[in-house]
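Novice: Encoded as structure tokens, here's the structure I'll be asking about.
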Amino acid sequence: MVEKLIKYGALALAALALYFVVTRLTGNPKGLLPLPYALSPASEGIQLDAPVLIVGDRMGARFGLFKENLALNLSVGLSKPIQIQSIAREGFGLHRTLRQLQSLVKWPKVLLYQGGSEEFREIKFRTDQIPVIRHNFDLYTNDRAMTAMMVWPFLSRLIYTPVQRIKLGDQVGEASKKIPSDYEYQQRLELTYRIYELELLELVKAARENKSLLILITAPVNLDVAPRRTCSNAGSALIDREVKQIREKIRNQDYKGAYAQSKVLNDGTLANAEVLYLHGQVAYRSGFVAEAVDSLKKASAYDCEGWRANEVINSIIRKVAQEQRVTLFDFAAMMDRDWNVNVTFFDEFYPQNLYYEKAMKYLAVVLKRILKL
């Protein structure tokens, strides 16, 4: 009887082990990075006819419109002008840019990336899968687990917990028309930032493997544009009354009183985009420019609707550039310095043309030095 129990127990354990292995192998794709979405493999080969390539989303596409200016500045003193090409496209979050790059027949000598403004456009993961995705990301950043997976790549399909992945088509999908709760949005926001950082690290890795000089470019944020929505869990009836009083003081041009009240409200309020934006406006009118810029940057970051780049995205770009020793052009910082000096933006997204022209002159100097032209 005991022998039979041992035998059946062993068979049950073997069946469970087999079930575990089969479930993991069928549920996890190949690859070290456990992304919660699936894109169809890159098919068409992109043939470049220029040594310098611009990639990214709508910000990169706009940047690419000035590639002739960059080529002109870069080619001064050369017998043959340097060609610059752009394949940046509106709607292309970093996940789609990475797939674009997989289609390259040959990588360029120099790769310019400007994006981060459309990472929220497509739904790339299921909200109910967030705990599993976080768990897998923790494993990915665990030194022991990563070492094991690098030595034996097949282990990644056994180590990670399977995720119900979002399947993304070849065409850029629009974000769901269903507005998530503010709590759900904040959960998704946190994970979206983490995915963006991991994808940015993948971009750095791919550029190095293909011997391409990568330059990361931050995305300018129009500080004069108000946040579209304040998260409900950051507000209250008391805050609403205070905001109304501050706006009344502004209408009466009582900027000193408005500043004093908005500063107290701002210091006592957490993550309220409207309060941060209002305080930034009042601080500027009161002559505290640095304080105004800081508050307006935070207002864009705490906007409860992800419709553009913000200070968090740019901070991630700066962090990755610094830690990975990648060349950085801080376009956003350049715009911030001129915020109270000139009319800096053409619309809610794009800087005035003169700033793109200024950016091209700066990049030409950097590239000449790096490329020893």
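The values are calculated or read from the model by the stated rules, or taken from the named source; none is laboratory data. None of these values were measured; they are calculated from a predicted model. Here Cβ is always computed from backbone atoms with ideal geometry, including for glycine, and neighbour counts include all displayed protein chains.
Novice: How about the stretch 354-367: which of its residues are touching a residue at least 40 places away in the same chain (Cβ under 8 Å) and closer than 15 Å to residue 64 by Cα?
Specialist: Residues satisfying the conditions are 355, 356, 357, 359, 360, 361, 363, 364.
Novice: Return yes or no: is residue 79 without any contact (Cβ under 8 Å) to a residue 40 or more places away in the chain, in a loop (DSSP other than H, G, I, E, B) and polar (S, T, N, Q)?
Specialist: Numbers: without any contact (Cβ under 8 Å) to a residue 40 or more places away in the chain: yes; in a loop (DSSP other than H, G, I, E, B): yes; polar (S, T, N, Q): yes.
In short, yes.
Novice: Quick test for you: out of 148, 71, 88, pick the one residue that is free of Cβ contacts under 8 Å to residues at least 24 places away in the same chain and buried (at least 17 other Cβ atoms within 10 Å of the Cβ). Explain how you work it out, then say what you get.
Specialist: Working: 148 fails: buried (at least 17 other Cβ atoms within 10 Å of the Cβ); 88 fails: free of Cβ contacts under 8 Å to residues at least 24 places away in the same chain.
Residue meeting the stated conditions: 71.
Novice: Can you name the residue in the stretch 340-352 that is within 24 Å of the chain's Cα centre (by Cα) and either of a type outside the set (Phe, Trp, Tyr) or farther than 19 Å from residue 308 by Cα (or both) and is also surrounded by the most Cβ atoms within 10 Å (Cβ to Cβ) among such residues?
Specialist: Among those that are within 24 Å of the chain's Cα centre (by Cα) and either of a type outside the set (Phe, Trp, Tyr) or farther than 19 Å from residue 308 by Cα (or both), it is 351.
Novice: Inside the stretch 98-114, can you point out the residues that are over 16 Å from residue 51 (Cα atoms) and crowded, with 21+ Cβ neighbours inside 10 Å?
Specialist: 114
Novice: Do we have any residue at all in the stretch 115-125 that's more than 17 Å from residue 194 (Cβ to Cβ) and surrounded by fewer than 15 Cβ atoms within 10 Å (Cβ to Cβ)?
Specialist: no
Novice: If you don't mind, another one. Among (1) surrounded by fewer than 18 Cβ atoms within 10 Å (Cβ to Cβ); (2) touching a residue at least 40 places away in the same chain (Cβ under 8 Å); (3) of a type in the set (D, E, K, R); (4) touching a Ser or Thr at 6+ places or on another chain (Cβ under 8 Å), there is one condition residue 308 misses while meeting the rest; what is its number?
Specialist: Failing condition for residue 308: (1).
Novice: Can I ask one more? Any residue at all in the stretch 239-252 that's in a helix (DSSP H, G or I), in contact (Cβ under 8 Å) with a residue 12 or more places away in the chain and in contact with a Pro (Cβ under 6 Å, 6 or more places away or on another chain)?
Specialist: no
Novice: Pick from 273, 332: which is in the same structural domain as residue 180 (by TED's automatic domain parsing) and at pLDDT 95 or above?
Specialist: 332
Novice: Check the stretch 194-215 and report whether any residue there is in the same structural domain as residue 356 (by TED's automatic domain parsing), within 21 Å of residue 271 (Cα to Cα) and modelled with pLDDT of 85 or more.
Specialist: Yes; the residues of the stretch 194-215 include at least one that is in the same structural domain as residue 356 (by TED's automatic domain parsing), within 21 Å of residue 271 (Cα to Cα) and modelled with pLDDT of 85 or more.
Novice: Right, here's the next one. Is it the case, given these coordinates, that residue 95 is assigned by TED's automatic domain parsing to the domain that holds residue 349 and not polar (S, T, N, Q)? Give the steps one after another, and end with the answer.
Specialist: Working: assigned by TED's automatic domain parsing to the domain that holds residue 349: yes; not polar (S, T, N, Q): yes.
So residue 95 passes the test.
Novice: Could you look through the stretch 44-82, keep only residues that are over 19 Å from residue 214 (Cβ atoms) and acidic (Asp, Glu), and pick out the one that is modelled with the highest pLDDT?
Specialist: Checking each candidate, the answer is 68.
Novice: Regarding residue 265, is this residue assigned to a helix (DSSP H, G or I), crowded, with 19+ Cβ neighbours inside 10 Å and under 25 Å from the mean Cα position of the chain (by Cα)? Quick ask: steps written out before the conclusion?
Specialist: Numbers: assigned to a helix (DSSP H, G or I): yes; crowded, with 19+ Cβ neighbours inside 10 Å: yes; under 25 Å from the mean Cα position of the chain (by Cα): no.
Here the answer is no, as residue 265 does not meet what is asked.
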